[in-house]
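Notes follow the structure.
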Amino acid sequence: MTLRIYGVLRSRASRNVWLARELGIPFERVPVIQAYRLADPGAPDAPFNTASPAFRAINPNGLIPAIDDDGFVMNESLAINLYLARKHGGPLAARDAQEDALMTMWSLWATSACEPHALRILLHRRDRPEGERDPAAAEAAVAALRRPTGVLDGALRDGGGFLVGGRFTVADIAVAEVFRYAQAAPELFSDRPHVRAWIEAGQARPAFRAMMAERALEPE
Ligand SMILES: N[C@@H](CCC(=O)N[C@@H](CS)C(=O)NCC(=O)O)C(=O)O
């Protein structure tokens, strides 16, 4: 049996698919859509969604992504990526306990210190219909993300363009996928050359581009 990744690509499942493609491992993606994007998620003809009882059996939180790896079921996108990297090894994974700790540190930092602000930027600068955007909320999120962006820039400068071990790893995917949401605020990066170059290099990688090409086929 193969690895199953549950989720549409217009969700945090994108980071799992990016990593799986980087690792070159076989996987099957099951397109579970967010319930809030459907008029009636419980309708008999509704697509498989985060409120579907069959999906709740996989992730009782009712959130994508989740994985089933040959019977091993888990959720939380960044924990999934750390698991997959650890399992399959290679340059994306940690070589020792210290690298492992740093990869965990960057992943937790991405989701706790950065993601809420990056998501608010995305919502209020791009995803919500124009009339429903709150420019002040976007400004506040940009302000909140300034210091973390500076921290990231310094780490990339000192790390030769990568976060851990002087090479592209699962930590770069974790942080880059969160900062992708903040790209709707280019002013955040104007004085952060290392972050700009790193985002550009990550998004030029064939695995990222393949994921995004597939994502573009999904309804907005
Ligand atoms: N911390 C979780 C967050 C998961 C999450 O919020 N997923 C969103 C899509 S990106 C979702 O499933 N929303 C569906 C809903 O709220 O019904 C992770 O990183 O996996």
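Each reported figure results from applying straightforward, stated rules to the coordinates on display, with no laboratory input. Owing to the predicted nature of the structure, the values given are computational and were not obtained by experimental measurement. Reconstructed Cβ throughout: ideal geometry from the backbone, glycine too, with neighbour counts over all protein chains shown.
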Candidate set: the stretch 1-44, residues that are in contact (Cβ under 8 Å) with a residue 24 or more places away in the chain and among the hydroxyl-bearing types (Ser, Thr, Tyr); chosen: the one surrounded by the most Cβ atoms within 10 Å (Cβ to Cβ): 6
Selected residue (only one of 15, 29, 10, 4 is more than 14 Å from the ligand (Cβ to nearest atom) and closer than 24 Å to residue 181 by Cα): 29
Given (1) touching a strand residue (DSSP E or B) at 6+ places or on another chain (Cβ under 7 Å); (2) of a type outside the set (A, V, I, L, M, F, W, C); (3) within 16 Å of the ligand (Cβ to nearest atom), number of the condition residue 91 does not satisfy: (3)
Test: residue in the stretch 66-80 that is assigned to a helix (DSSP H, G or I), among the hydroxyl-bearing types (Ser, Thr, Tyr) and within 16 Å of the ligand (Cβ to nearest atom): yes
Among (1) part of a helix (DSSP H, G or I); (2) under 25 Å from residue 220 (Cα atoms); (3) within 19 Å of the chain's Cα centre (by Cα) - the single one residue 63 does not satisfy: (1)
So residue 46, is it small (Gly, Ala, Ser), over 22 Å from residue 123 (Cα atoms), more than 15 Å from the chain's Cα centre (by Cα) and away from the ligand (no atom under 14 Å from the Cβ): no
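Conditions (1) closer than 27 Å to residue 19 by Cα; (2) under 14 Å from the mean Cα position of the chain (by Cα); (3) surrounded by 18 or more Cβ atoms within 10 Å (Cβ to Cβ); (4) polar (S, T, N, Q), marked per residue:
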{"site": "89", "(1), (2), (3), (4)": "yes, no, no, no"}
{"site": "94", "(1), (2), (3), (4)": "yes, no, yes, no"}
{"site": "99", "(1), (2), (3), (4)": "yes, no, no, no"}
{"site": "108", "(1), (2), (3), (4)": "yes, yes, no, no"}
{"site": "116", "(1), (2), (3), (4)": "yes, yes, no, no"}
{"site": "119", "(1), (2), (3), (4)": "yes, yes, no, no"}
{"site": "134", "(1), (2), (3), (4)": "no, no, no, no"}
{"site": "142", "(1), (2), (3), (4)": "no, no, yes, no"}
Filter result (assigned to a loop (DSSP other than H, G, I, E, B), surrounded by 12 or more Cβ atoms within 10 Å (Cβ to Cβ) and more than 8 Å from the ligand (Cβ to nearest atom)) within the stretch 49-60: 52, 58, 59
